[in-house]
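Written below as structure tokens is the structure these notes are about.
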């Protein structure tokens, strides 16, 4: 298929390569040109601007946040000038409110809008092993299914309204942040008695918590191994804040997210903005005088 | 080995049977006589009081809380009159402070004190498949190792001070409660947008949260399936409170536990004390107007 | 002085009348024309649009929120077309971030910017008895001092940067919300034991808490007297949210504000958006099963 | 009247002197003898033990906590050997649960039980200017009214059950702690923007918060003036914990108290246990990186 890709950071480049490996022809654009040049060298066609990318049959967007998406898709006029019948696949983790705004904007522009946020880090994206949460109208979702299967090991249907996939992604990232805070408090508690947190972590991940979330973050927190960051702390904070905002719009109190919000601010105020988001665990330890 | 067992509730009876299956001779006692009579019919020797049980080489205690342990072991005089060289294995989930008090009381009475709290519900106990957290002096721990292996599929060494195993157990149960609250908030959030929580739960347990804790409680919460209780809400509250108390003694703030404390009270105030502790998830839903 | 006034709600109309009583000539504008017509009948000059109001020497703005201010002042082009040397007095309670943005916009437009948010309800505004928090460059602040004295019984100098007055206002409204939540929890606690909250309220306002904040809200909460609203619940929520946002930008965790945020959402989810903001106290009572 | 007094710390000695000034004859006891000797030198009769004090017509108890009261009154046998018809006036701030236990113990011993916790610090006690919260059966309350008037400038009737006065005292001390935390967060917020907290404090205590609680603690927090302690931090923490425990027994969630609990622990973990309880305000500042 003639596929476009906007946003070629670590995640986006990996996803784009997976699409090329699956035999799709790619036109790509990125704000800074280098990543696009690298993909051009691998066979992609480099577009002059987002509007040119939107002449493809299906266009992925994998950008940092609402603001970057608004710039590239709406303010650039790209969406309005899209190829008739194009399908836009939004893999960026954006706010629920903005995803709802995009539903209206796509309807107006006559472009099909499919949400396909992903779970996984850059190495997983590079391997084409992401978990893809997909939501949108049945027909366009069915048409892009082969593309989603090219980037992911599993595609999870979420619902018919695109914002539902972004909502689900936020709920999952909120849960991941909560797992980090849980480990942070559990470990601060046992360390306050002189017990090695690794011992408790090993029991947890060997029994009830034998899951990637606890294995990955349990090791990072026990080892105080926060640099280089796999996922920077302010990005984790952003997702917690988006969960809070989504809750606010729907009148859902999220007291765990409120606690985490305060802890992320505490971490940033203590100079940890360049570290992995699991460095928020240092707040619980510091508050206990450890 | 000549083994004693005090406390024959659902958990204790299962553990006692595992010990008999492994060929140990058992003397048992329970406040209400029926469970002891049932084990007597299966070959155990029914003791008249805790002190008689303490004439065994090794004695398990599996009682509900600090208070029940204090009654049976300290106030009854059983510990003082124990057989010389006896080893006391405390499998009850007790407070860290009380476990520390018991360390002193055992030293004074000349009885070895091994902490061996367990992870698992009654059906797991009946199958001898518990996870056992063990802490205590090396020599008695080594001597009772065969007993612990009889009741558990895995024995996890925690430390040389018995209270460390009780602390680790509390940290894990706190984490379990936090997983329940996390799911409760995540599901309230998505339900507030009309999205079926089951869809998000399936993604979670199929990806980052592929662990027993999330599978078990994810299903219960999605299905609102809180009766009959597997673990009653006030017992879960007790463990959160014990974690808070342990944190208090060591000056470790636990803001997630504080949120959960308030939510457990909210649940009890709304009449849910007879339900499974995962019914605390109804608080997040109710607060969101669901 | 030739004074302009934009925003003639209950607060703004009272302030405008105070200015006229003090002998100033007024030109006024309001989105809906009726309040402007009423003031016209009392001697004010009704302007066709905000830009016309900005031909005055000094212009007050008293609008609901950031959005309304942006519409009336920036998007309308009024600020750009202001009379040379005009002073803009912002009495609206706006966000700190927007006040900082306005500092830059005024500098660019060559209009002096004075922040003068007020404490007090419509009846206090009508009586010219407001407390006025003023911040801005010394020269324009000195020039508008007589205007501020016309609307207020006391003018409190806050600082040289206008956003500092808006920040101070948010800190005070946060404190007011916290006093409401404090009373809500204290009263829920005593009521849970069958003690009449009025008895405790009387001791409080007769001793350590003998202040308007506790007298006013103590009576409202004890009497469950939330309608008609003196200050609607979503407006109170807005101020708590603005405090949280201001804290976020400066990395200051505000755990009390986080608790209140969740409680305001709980209140709105339970249908109390039309009530006085002190109705958030019903959350603590409801959670206690009262 | 023949009055007894047990517990002659800073508060108790001041109260005892007020009683002597009012013409009552006093018999006194204190665990450490010096304070009793000082009062003996001023005309009081020094008793050998609490039981001897309980031969008076009315006996005040002003001790640190539940434990000290239990030691002096119950475990000593003093209550059982009290003079027939004696009235016991409990001015100590004790837990609601213990006050309820004392109701039963006094009924059994045939001693009238009046709760009379006080508001005010040692200098206020010395001046006989305390606020006294009184609860108990009408007849004994009426009989001791002159004594209460001797120690206080105002006597506030709370209810017929003694524990209600202790409950009210806890609700008020909880509110005081919440005022401290409110100021701490409000000041951290404005300081994070470089605004002097004193400016905001002055507006607050000059307007809506013109009350002793805010004046006293506003000054202490702005001045970071925490030593010598007027009321030590662990005592303030104790009262917050007692409020939480009272809430727990009645199923009343108190999220503000939960936040404060965590902050008091944070303060103690940072070495501030010898400071005034308003030093808990340093937690909000520290967490904001100030």
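The values are calculated or read from the model by the stated rules, or taken from the named source; none is laboratory data. These figures come from a predicted structure and were not determined experimentally. All Cβ positions, even for glycine, are placed from backbone atoms using ideal geometry, and neighbour counts span all protein chains on display.
Considering only segment A:103-122, state which residues are closer than 24 Å to residue A:149 by Cα and outside any loop (DSSP other than H, G, I, E, B).
A:103, A:106, A:112, A:113, A:114, A:115, A:118, A:119, A:122
Residue C:71 - would you say it is closer than 23 Å to residue C:230 by Cβ, within 20 Å of the chain's Cα centre (by Cα) and either surrounded by 22 or more Cβ atoms within 10 Å (Cβ to Cβ) or outside the structural domain of residue C:235 (by TED's automatic domain parsing) (or both)?
Considered against the rule, which asks whether it is closer than 23 Å to residue C:230 by Cβ, within 20 Å of the chain's Cα centre (by Cα) and either surrounded by 22 or more Cβ atoms within 10 Å (Cβ to Cβ) or outside the structural domain of residue C:235 (by TED's automatic domain parsing) (or both), residue C:71 comes out as no.
How many residues does segment A:223-243 contain that are touching a helix residue (DSSP H, G or I) at 6+ places or on another chain (Cβ under 6 Å) and surrounded by 19 or more Cβ atoms within 10 Å (Cβ to Cβ)?
8
I'd like the full set of residues that are within 7 Å of chain D (Cβ to nearest Cβ) and in a helix (DSSP H, G or I), limited to segment C:245-256. Write out each step before concluding.
Kept after step one, since they are within 7 Å of chain D (Cβ to nearest Cβ), are these residues of segment C:245-256: C:246-247, C:250-256.
Correct list: C:246, C:247, C:255, C:256.
Going by the structure shown, is residue D:64 under 17 Å from the mean Cα position of the chain (by Cα), more than 14 Å from every other protein chain (Cβ to nearest Cβ) and surrounded by fewer than 24 Cβ atoms within 10 Å (Cβ to Cβ)?
yes
Find the residue count for segment A:180-205, including only residues that are more than 7 Å from chain B (Cβ to nearest Cβ) and assigned to a helix (DSSP H, G or I).
Residues meeting the conditions: 10.
Considering only residues that are farther than 21 Å from residue C:129 by Cβ and in a helix (DSSP H, G or I), look in segment C:11-37 and name the one that is farthest from the chain's Cα centre (by Cα).
Among those that are farther than 21 Å from residue C:129 by Cβ and in a helix (DSSP H, G or I), it is C:37.
Taking residue D:212 and the conditions (1) touching a strand residue (DSSP E or B) at 6+ places or on another chain (Cβ under 8 Å); (2) farther than 27 Å from residue C:251 by Cβ; (3) without any contact (Cβ under 8 Å) to a residue 24 or more places away in the chain, which numbered condition does it fall short on, given that it satisfies the others?
The failed condition is (1).
Can you name every residue in segment C:96-114 that is touching a residue at least 24 places away in the same chain (Cβ under 8 Å) and over 23 Å from residue C:245 (Cβ atoms)?
Of everything in segment C:96-114, those that are touching a residue at least 24 places away in the same chain (Cβ under 8 Å) and over 23 Å from residue C:245 (Cβ atoms) turn out to be C:109, C:110, C:111, C:112.
Being under 16 Å from residue D:87 (Cα atoms) and buried (at least 23 other Cβ atoms within 10 Å of the Cβ) is the filter here, so list the residues in segment D:118-140 that pass it.
Correct list: D:134, D:135, D:136.
Within segment B:201-216, can you find the residues that are more than 23 Å from residue A:118 (Cα to Cα) and crowded, with 23+ Cβ neighbours inside 10 Å? Outline the logic, then answer.
Start the filter on segment B:201-216 by keeping residues that are more than 23 Å from residue A:118 (Cα to Cα), which leaves B:212-213, B:216.
Matches in segment B:201-216: B:213 only.
Within segment B:246-255, is even one residue on the phi > 0 side of the Ramachandran plot, at pLDDT 95 or above and touching a helix residue (DSSP H, G or I) at 6+ places or on another chain (Cβ under 6 Å)?
Of all residues in segment B:246-255, those on the phi > 0 side of the Ramachandran plot come to B:251.
This time we only want the ones that are at pLDDT 95 or above, so: B:251.
Going one step further and asking which of them are touching a helix residue (DSSP H, G or I) at 6+ places or on another chain (Cβ under 6 Å), we end up with B:251.
Taking every residue of segment B:246-255 in turn, at least one turns out to be on the phi > 0 side of the Ramachandran plot, at pLDDT 95 or above and touching a helix residue (DSSP H, G or I) at 6+ places or on another chain (Cβ under 6 Å).
Which ones in segment B:257-288 are outside any helix (DSSP H, G or I) and touching a residue at least 24 places away in the same chain (Cβ under 8 Å)?
B:272, B:273, B:274, B:275, B:276, B:288
Residues that are assigned to a helix (DSSP H, G or I), under 15 Å from the mean Cα position of the chain (by Cα), over 21 Å from residue B:190 (Cα atoms) and within 11 Å of chain B (Cβ to nearest Cβ): does segment A:123-142 have at least one? Walk me through it before giving the result.
Taking segment A:123-142 and keeping what is assigned to a helix (DSSP H, G or I), we get A:123-126, A:138-142.
Among the residues that remain, those that are also under 15 Å from the mean Cα position of the chain (by Cα) are: A:123-126.
From what's left, over 21 Å from residue B:190 (Cα atoms): A:123-126.
Those still in the list that are within 11 Å of chain B (Cβ to nearest Cβ) too: A:124.
Scanning segment A:123-142 turns up at least one residue that is assigned to a helix (DSSP H, G or I), under 15 Å from the mean Cα position of the chain (by Cα), over 21 Å from residue B:190 (Cα atoms) and within 11 Å of chain B (Cβ to nearest Cβ).
Given (1) surrounded by 24 or more Cβ atoms within 10 Å (Cβ to Cβ); (2) closer than 30 Å to residue C:164 by Cβ, where does residue D:170 come up short, assuming only one miss?
Failed condition: (2).
Would you mention how many residues in segment B:152-165 are buried (at least 24 other Cβ atoms within 10 Å of the Cβ) and facing chain A (nearest Cβ under 10 Å)?
4
Being facing chain B (nearest Cβ under 8 Å), at pLDDT 95 or above, touching a helix residue (DSSP H, G or I) at 6+ places or on another chain (Cβ under 7 Å) and assigned to a helix (DSSP H, G or I) narrows it down to one of A:208, A:220, A:176, so name that one.
Within the list A:208, A:220, A:176, the selection yields A:176.
Is segment C:75-90 home to any residue that is assigned to a helix (DSSP H, G or I) and at pLDDT 95 or above?
yes
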